[in-house]
1. For region 171-225, which GluC sites (Glu not before Pro) pass both filters: DSSP loop (anything but H, G, I, E, B) and at most 12 other C-beta atoms within 10 Å?
2. Expected output is a single nm value to one decimal: the length gained when fully extending between Val113 and Asp336, i.e. 0.36 nm times separation in residues minus the C-alpha distance. What is it?
3. Rank-order 376-385, 298-307 by packing density, defined as the average count of other C-beta atoms within 10 Å over each peptide's residues, highest first.
4. For the residue pair Phe367 and Asp79, what label-to-label distance in nm results when each label sits 7 Å from Cα along the Cα-to-beta-carbon direction?
5. Give me Rg over Rh for region 301-375, both radii from the alpha carbons and Rh done the Kirkwood way, two decimal places.
6. Would you work out the relative contact order for region 186-269, in percent, from Cα pairs under 8 angstrom that are 6 or more residues apart?
7. By a straight-distance test (C-alpha under 28 Å), which lysines pair with Lys157 as possible cross-link partners, with residues fewer than eight away in the same chain excluded?
8. Starting from region 44-104, pick out the GluC sites (Glu not before Pro) whose DSSP state is loop and whose Cβ has at most 11 other Cβ atoms within 10 Å.
Amino acid sequence: MRKKQASVWQKASFFIVAVLILAIAAYTAYGIISQGNSYMRFGIDIKGGVSATFKPADGYNPTDEQLESAKSVIEVRLDSKNILDRTVAIDKENGSIIVEFPWQANEKNFDPVAAINELGETAQLRFTTVEQAGEHGGEGVYEYNSNGTHEHYKIKKEFMNGSNVSKAEAVYYNGQYNVALEFDAEGTKIFPDSTAVNDYIGILMDETLISVAQLNEEITGGQGVITGNFTAEETRDLASKINSGALPFTMESTNYSSVSATMGTNALNIMMLAGLIALCIIFIFMCAYYRLPGVVSSITLLLQTAGQLLIFHMMGLTLTLPGIAGIILSIGMGVDSNIIISERIKEEINAGKTLKGAISVGYNRAFSAVLDCNVTTAAIGILLIIFGTGAMLSFAYTLLIGIILNFGLSIISSKLMIQSLSCYKAFSNPKFYGYKKANRLCFAR
């Protein structure tokens, strides 16, 4: 029987996949080396941050419920900016809210005042019906800037404030960027009772008109969408302002200071060095013990490690010490998956199967164990993202991203590379895959 020849793609797939992985790793390494601590946003425990105290303006005396509402609004604002490491606490005795959050990734001056501006305006938000005014001036007339034009509107009636907004979110559908609004039970009732189709709805933040939109249909389900010729940045900015303004009073920062890194200034460099040493030890072990599958596993672990850091950088997420623990845990699971697959391939070869048959059967039989392990861990990550807050989210994101990269990319790429190498005569020796010749016992008669 004539032996089936491997296709060009099968032979070239190792080099294609390996080059792509090494390119991703090199790109990530270049970014880390060139940008240093500015490559991504690090948590307070690693880089330090800012502590600020917010109090109601004009001597307003808030109730406990209003302070809880203000705390929720600030947390939503921090979430919208992917600031995962933060502390938001209420000081009921002084009627204030204490907020701690890390420096931005590109922070160089470490100016607390500039950092606080990132939280945006925490002003009072009001929903009104408006009508166009001929010129600026007079009581109840406000200027609205949109798409380079300056229009003036007069307030007809104020019907609710920002505390009736449950959530504002930037969304994209039907080829447009929009802002989706959700109202609480009171707002769901007030909005349709106070407005009519074709009314112009204005949103005021203190004395600034931040949005004007015509009501095209009656809002009855507690949900509405603000449409317009928005850019992605404009929708995010408007949604953030609405979220941050969902308060019955205006807040101002009365005290602020810098917070030192809880782990020390050199903690990041030490952790990076320790991580590199640990990866090198893992690579040496995998290559020495599992031979060719170990080499392939080491390459895929590079993809998983570099991919996690690159995704965190691109998404602007905050990396904390628990987040680093999530990276380590997901890498450990990646090693575990590769060990299971390598052992299965070795067992199939020793059981008498051909090399290509052993690789195919080894992956198939290892799949269920690898799938169970990754799915159960991914479920934990999803639950933490849904119900967790603060630094817990950093751990959840790194863990879930690592699982997706491990199961979605690393295992697939490792199978492609091993199958590709087995097509070459130089790498088709079963000894490269863990084959051990069985010992035979001889008995004298």
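1. Sparse-neighbourhood loop GluC sites (Glu not before Pro): Glu207, Glu217, Glu218.
2. Extra length from Val113 to Asp336 when fully extended: 75.6 nm.
3. Highest-to-lowest ranking by the protection proxy: 298-307, 376-385.
4. Result: 3.7 nm between the two label points.
5. With Rh from the inverse mean 1/r over Cα pairs, Rg/Rh is 1.14.
6. Reported relative contact order: 23 percent.
7. Excluding near neighbours in sequence, the set is Lys167, Lys189, Lys241.
8. Taking region 44-104 and a limit of 11 other Cβ atoms within 10 Å, the loop GluC sites (Glu not before Pro) found are Glu93.
Every number here is computed from the coordinates shown, using simple stated rules; none is lab data. It should be emphasised that the depicted structure is a prediction, and the values quoted were computed from it without experimental measurement. Please note: Cβ atoms are built from the backbone with ideal geometry, for glycine as well, and neighbour counts cover all protein chains shown.
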